[in-house]
Amino acid sequence: MCEKEMVVDITNTKKNTNPKLTVLPLIALIFYEVSGGPFGVEDSVRAGGGPLLSLLGFLIFPLIWSIPEALVTAELATSFPQNGGYVQWISAAFGPFWGFQEGFWKWFSGVIDNALYPVLFLDYLKHSFPIFTRLIARIPTLLGITISLTYLNYRGLHIVGFSAVTLAVVSLCPFLVMGILSIPRIRPKKWLVVDISKVDLRGYFNSMFWNLNYWDKASTLAGEVENPSRTFPKALFGALILVVCSYLIPLLAGTGALDSTPSEWSDGYFAEVGMLIGGSWLKWWIQGAAAMSNMGLFEAEMSSDAFQLLGMSEMGMLPAIFATRSKYGTPTFSILCSAAGVIFLSWMSFQEIIEILNFLYSLGMLLEFAAFIKLRMKKPDLHRPYKVPLQTLGVTMLCLPPVLLLLLVMCLASLKTFLVSGAISVIGIFLYPTLVQAKDKKWVQFDTNVVAPQSDSCIEGHPTTLEEHRETDYEASISLLSDLPSAKTGQESSEILLEGVLKVE
């Protein structure tokens, strides 16, 4: 029976007293994972050669990309309501090696994405304070912003969630006012302008993709959500409406009321649009909203990245130090690693950041759609508190348009993006066996509380490898989840898991 390995951490059975995320804070966090407001969508007008393609993009792309991704996320996040999110899904479908690669790609993509927000914030400020175009002012400011927001993230996820609600209201209000003020000046024919000769397909698709992706990011916080089977679908639906409206209203106002050329629409241009429509007061208000929005974007992204590392550590993929929590319930070391990555990558330009993170994100999303379909076929009886109301053929057709979009975005990437993304992928491939070796040789402490339910390796007299352990762990997790009528609290889940292990033994 291999009784010596029946190790159960009694402390894990204690109910987590840290406040859980409810619907409204989760809507705000998803909103900031995906959007954060119209800051950064200006490039879609320039790259699209005018307003028409930009407006059509934000009407059509949610149908072929955002809705399918949100539906897949709702089903899988409620089926696997633990921290780690998509790492859990991929591991359950394809094994721990690909689960680790998914986690590595998505974490790296998230850190690159987070490095963008302090840069975008300064791009707005430089319109009023040209000193921020100089490195002597730019670098210390970037460091100060990163350190301050990292500390706020450390103080607790519930603080981040309710802060995101407040920041969302504050950052969207000036655009609602701008939309109202622009109504008398709007000429609908201006929305139909497009100069095909000036269309930049690479920039256009990258801008659209970046502004409408990351719906799956909140799944890494599933273990911190109250009643995820009900909360996740509601939050995803609410966030989808909020994201689309936050893009279309400012774009309709700015492009319909002004005679600006497409080349003028670059990062930070909405501040100028506000001044031309409402005056200096509206420009300053939008710049303040940009600051608030980028704070929310940073906080939401860092939370997801840090809890993803925590989830991977609890699964035995990363050393145990990544799962250590502060007195506020936040993963301290994981937050520090994400912050260090942000500081290191903040020197990159806006377009460079977008293209590289999009490529890495696309790799991960291809795996997620494949895992979604495979789990439908491999585990039809898996307990799914929310299930996309389509059969296997239907969900395959649902995933086809976003998969084609992912391949298009990857094919349009520059040589530099291919090289950087390829190098990151190679690092992930070699890092996995290195960590397996580190665990086998006990070079670094890993979480040993999770026990494989099958003990054939003990009978045969040799230890189970990390990969074999994780494969059996996920099979057991799926069977246990399929028997649960609803999501359990921390203590109930631990008791059920222990009972399942004892029965198998």
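Structural remarks
- Filtering Phe100, Phe108, Phe121, Phe104 for residues that are open to solvent by less than 10 Å² (accessible area, probe 1.4 Å), in contact (Cβ under 8 Å) with a residue 24 or more places away in the chain and assigned to a helix (DSSP H, G or I) leaves a single hit, Phe100.
- Residues satisfying the stated conditions in the range 282-332, i.e. hydroxyl-bearing (Ser, Thr, Tyr) and open to solvent by less than 10 Å² (accessible area, probe 1.4 Å): Ser293, Ser303, Ser304, Ser313, Thr330
- Test: residue in the range 243-252 that is of a type in the set (Phe, Trp, Tyr) and without any contact (Cβ under 8 Å) to a residue 24 or more places away in the chain: no
- Picking from residues in the range 391-446 that are assigned to a helix (DSSP H, G or I) and among the aromatic types (Phe, Trp, Tyr), the one that is least open to solvent (accessible area, probe 1.4 Å) is Tyr432.
- Answer residue from the range 88-97, given it is over 16 Å from the mean Cα position of the chain (by Cα) and part of a helix (DSSP H, G or I) and is surrounded by the fewest Cβ atoms within 10 Å (Cβ to Cβ) among those: Phe94
- Output for the range 143-164, where each listed residue is surrounded by fewer than 17 Cβ atoms within 10 Å (Cβ to Cβ), aliphatic (A, V, I, L, M) and modelled with pLDDT under 80: Leu152
- Filter result for Gly254 (under 29 Å from the mean Cα position of the chain (by Cα), under 17 Å from Leu56 (Cβ atoms) and not hydrophobic (A, V, I, L, M, F, W, C)): yes
- Close pairs from the range 415-430: first of a type in the set (Phe, Trp, Tyr), partner surrounded by 11 or more Cβ atoms within 10 Å (Cβ to Cβ), Cβ under 8 Å, at least 6 apart: Phe418/Phe359
- Single condition Asp216 does not satisfy, out of (1) within 25 Å of Ile64 (Cα to Cα); (2) among the acidic types (Asp, Glu); (3) surrounded by fewer than 18 Cβ atoms within 10 Å (Cβ to Cβ): (3)
- Single unsatisfied condition, Gly279 versus (1) open to solvent by less than 30 Å² (accessible area, probe 1.4 Å); (2) touching a helix residue (DSSP H, G or I) at 6+ places or on another chain (Cβ under 6 Å): (2)
The values are calculated or read from the model by the stated rules, or taken from the named source; none is laboratory data. No experiment lies behind these values; they were computed from the predicted model shown. Counting neighbours? That spans all protein chains shown, and the Cβs are built from the backbone with ideal geometry, glycine included. Heavy atoms of the whole protein, side chains included, go into the accessibility calculation; ligands, DNA and RNA do not. Shrake-Rupley method; radii C 1.70, N 1.55, O 1.52, S 1.80 Å.
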